[in-house]
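Below: one structure in structure tokens.
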Amino acid sequence: VQTCALPIWEKRGIRTFKLKNALICVFLIGSGLLHAQSDKKYIRKGNREYNKSKFSDSEISYRKAIDANKQSPDAVFNVGDALYKQNKYEDAGKQFIESTNQNVDKNKKSDGFYNLGNSMLKSNKFQESIEAYKNSLKLNPENKEAKYNLSYAMDQLKKQEQQKNKEGNQNQDNKNNDKNKDQNKDQKDKNDQNKKD
């Protein structure tokens, strides 16, 4: 809600506050309330669609709420949820990042980091998911789901690194085998040449 700065009162009292300034304040506050009402209307509509598993429709409603009020962290968060349900994990992650940047409420910010972690986990970006879960737990240390998912993401990262190491070792073994084959072939060629000589 937008507010207007009221003028500093002079010693004479309220009489110095002009009618024109009062009308401007009423207009600004009223327009701010209209924006707040219109974005809440779209959020409620999106929630109804989301509950009916109409995730793309709910995304549209939540985006309309953002259009009505650019500073609506709830709408931004909800767009992320709708995108997540549509398996658009990277786009959902961007929304959750935006939500955590806009939110000042500690619990909502923690939820944004938690959902960011889930999105990154689904995208197989384990390091990013680990960081997101850690940020969520900093704000809400009692979140058991975040603790579990953090542990799971760490296990997945470890498996991924082991797989990379295994593939790296196999590639190195293949290179060594190819090198040995080349050396054996060169030696055979030399032996064949010596026999001819």
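The values are calculated or read from the model by the stated rules, or taken from the named source; none is laboratory data. Small disclaimer: the values here were computed from a predicted structure and weren't measured. Neighbour counts are summed over all protein chains in view; Cβ atoms, including those assigned to glycine, are modelled from backbone coordinates with ideal geometry. Side chains are part of the model used for accessible areas, which takes the heavy atoms of the whole protein and leaves out ligands, DNA and RNA. Shrake-Rupley method; radii C 1.70, N 1.55, O 1.52, S 1.80 Å.
Quick one: how many residues across the range 77-110 are within 19 Å of ASN51 (Cα to Cα) and either out of contact with any Gly (no Cβ under 9 Å at 6 or more places or on another chain) or open to solvent by less than 30 Å² (accessible area, probe 1.4 Å) (or both)?
Initially, the range 77-110 is screened for residues within 19 Å of ASN51 (Cα to Cα), giving 77-88, 92.
Still in the list and also either out of contact with any Gly (no Cβ under 9 Å at 6 or more places or on another chain) or open to solvent by less than 30 Å² (accessible area, probe 1.4 Å) (or both): 78-83, 85-88, 92.
Residues in the range 77-110 being within 19 Å of ASN51 (Cα to Cα) and either out of contact with any Gly (no Cβ under 9 Å at 6 or more places or on another chain) or open to solvent by less than 30 Å² (accessible area, probe 1.4 Å) (or both): 11 in total.
Determine if the range 155-176 includes at least one residue that is out of contact with any His (no Cβ under 8 Å at 6 or more places or on another chain), at pLDDT below 75 and open to solvent by less than 80 Å² (accessible area, probe 1.4 Å).
Yes, that holds for at least one residue.
Every residue in the range 91-132 that is of a type in the set (D, E, K, R) and part of a helix (DSSP H, G or I), please.
Once the filter is applied, which keeps residues that are of a type in the set (D, E, K, R) and part of a helix (DSSP H, G or I), the range 91-132 yields ASP91, LYS94, GLU98, LYS106, LYS108, LYS109, ASP111, LYS122, GLU128, GLU131.
Pairs needed: first member in the range 129-142, touching a residue at least 12 places away in the same chain (Cβ under 8 Å); second member anywhere, open to solvent by less than 10 Å² (accessible area, probe 1.4 Å) and of a type outside the set (A, V, I, L, M, F, W, C); C-beta distance under 6 Å; at least 6 residues apart or different chains.
Sorted first by the residue in the range 129-142, then by its partner, the pairs are SER129/GLY117; ALA132/GLY117; TYR133/GLY117; SER136/SER110; LEU139/SER110; ASN140/SER110.
Looking at the range 111-149 only, could you name the residues that are surrounded by fewer than 17 Cβ atoms within 10 Å (Cβ to Cβ), under 21 Å from ASN78 (Cα atoms) and of a type in the set (Ser, Thr, Tyr)?
SER123
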